[in-house]
Amino acid sequence: MTQSLPILGLVLAGGQARRMGGGDKGLLELGGRPVLARVIDRLRPQSRHLALNANGDPERLSQFGLPVLPDDLADFPGPLAGVLAGLDWAATHAADCPWTLSVPCDAPFIPLDLARRLFGACDGRRAELAVAASGGRLHPVVALWPVRLRHSLRRAVTEEGLRKVEDWLARHRLATVEFPVDDVDPFFNLNRPEDLAEAERLLEDRG
């Protein structure tokens, strides 16, 4: 069963949401519930442990009852810093999880078989990492990362100034897993205010 997979589910909520006018995108309401709650609901059955990556006052996220992991790198270096925080936390607090699955906090329709398919791709193709795709487009922050690469990732970010997730992925044996786009792209995310309205419509259509 997916629940038995040795994975830390990591929700990346450390962005600054400039196109949304700032603030926490995950706390926006969708169908009467925070978007982040919907992401957690879909990720929880797929992960042995769950954590949030977010900066600022962690109390604003206390309602979710999860560990809140801030970036330990200055100047908001991007999602790689959040992934690194998750890998470091897994190494210290979730020794039974040699893998971390990252997803963004603003993607309320992530697939319920996401972990299983990415994990299977790494195992079956001898890949080091696996990343999701849909509609022919790669989603670099929706990826399965081995905890053992955390030291290498830290060096790349701190010593080389690496910022783009795609550049890091390109350095490793990578499995790309294509997910179908049916009634909705499973990785539809909320970048702009109009995306929230579209997500409301999609949620109603799905019943």
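Per residue, region 29-155 exposes 41 Å² of solvent-accessible protein surface, assessed with a 1.4 angstrom probe and all protein chains in place. Taking the DSSP beta bridges with both ends in the chain, the antiparallel portion is around 35 percent. Among Ser134, Ser47, Ser62, whose mean-square fluctuation peaks in a Gaussian network model of the chain (Cα, cutoff 10 Å)? Greatest mean-square fluctuation among the candidates belongs to Ser62. Relative contact order of region 1-143: 30 percent, from C-alpha pairs under 8 Å at least 6 residues apart in sequence. Taking the Cα-to-Cβ direction at Ser62 and at Arg125 and moving 7 Å from each Cα, how far apart do the two end points lie in nm? So the two model labels end up 4.4 nm from each other. Counting heavy atoms of the protein chains alone, Phe119 has an accessible area of about 50 Å² for a 1.4 Å probe.
Distances between placed amide hydrogens fall under 5 Å for Thr100 paired with Leu8, Trp145, Val147, all partners being 5 or more residues away or on another chain. In terms of the mean number of neighbouring beta-carbon atoms within 10 Å, the peptides 26-37, 96-107, 161-172 order highest first as 96-107, 26-37, 161-172. Close amide H pairs (under 5 Å, H built 1.01 Å from N) link Arg48 with Ile7, Gly9, residues at least 5 positions away or on another chain. For Ala130, the amide hydrogen comes within under 5 Å of the amide hydrogens of Leu144, Ala175, counting only partners 5 or more places away or on other chains and with H modelled in the peptide plane. Region 180-199 and region 79-107 have Cα centres lying 24 Å from one another.
Our coupling estimate for region 151-161, obtained by passing each phi through the Karplus curve with A = 6.51, B = -1.76, C = 1.60 and θ = phi - 60°, is 5, 5, 5, 4, 4, 5, 6, 7, 9, 9, x Hz, Gly and Pro reported as x.
Surface composition of region 1-122: carbon plus sulfur atoms hold 52% of the accessible area, using a 1.4 angstrom probe and ignoring ligands, DNA and RNA.
The values are calculated or read from the model by the stated rules, or taken from the named source; none is laboratory data. The structure displayed is predicted, hence computed values, not measured ones. With ideal geometry, Cβ positions are generated from the backbone for all residues, glycine too; neighbour counts draw on all protein chains shown. Quick note on the areas: whole protein, heavy atoms, side chains included, nothing else; ligands and nucleic acids left out. Shrake-Rupley method; radii C 1.70, N 1.55, O 1.52, S 1.80 Å.
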